[in-house]
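For reference, the structure is listed below as structure tokens.
Bear in mind these aren't lab numbers, they're just calculated from the coordinates by the rules spelled out. If you're wondering where the values come from, they're calculated on a predicted model, not measured in any experiment. Please note: Cβ atoms are built from the backbone with ideal geometry, for glycine as well, and neighbour counts cover all protein chains shown.
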């Protein structure tokens, strides 16, 4: 079955003190460790390239901030201009009244 499987891992850094987790050091549950090692040895697991600047941005956190109307806390976590579109179109549950930048 390995011919049809490729697993891509995006690195994860839970907090600033933590080590960057990737395919070499990710903790694996003992029940699946043999399977993981088999896939890893057969090059079926591949680390994705990453941008260190965005490793600490988690979509769930951004969505929570948007839903809680936490203006000024999430805008820097999305690409430039996207924050205005989210606000203008009330996307992702954004139903808050934000002052317009035009004012």
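Quick notes on this one:
- Residues located in the stretch 1-60, provided they are in contact with a helix residue (DSSP H, G or I) (Cβ under 7 Å, 6 or more places away or on another chain) and under 30 Å from residue 78 (Cβ atoms): 7, 23, 45, 57
- Looking only at the stretch 18-73, and only at residues there that are over 27 Å from residue 85 (Cβ atoms) and touching a residue at least 40 places away in the same chain (Cβ under 8 Å), the one that is farthest from the chain's Cα centre (by Cα): 42
- If you go through the stretch 40-75 and keep only what is surrounded by 11 or more Cβ atoms within 10 Å (Cβ to Cβ) and in a helix (DSSP H, G or I), you end up with 40, 61, 62, 63, 64, 65, 66, 67, 75.
- Test: residue in the stretch 79-90 that is assigned to a loop (DSSP other than H, G, I, E, B), touching a helix residue (DSSP H, G or I) at 6+ places or on another chain (Cβ under 7 Å) and in contact (Cβ under 8 Å) with a residue 12 or more places away in the chain: no
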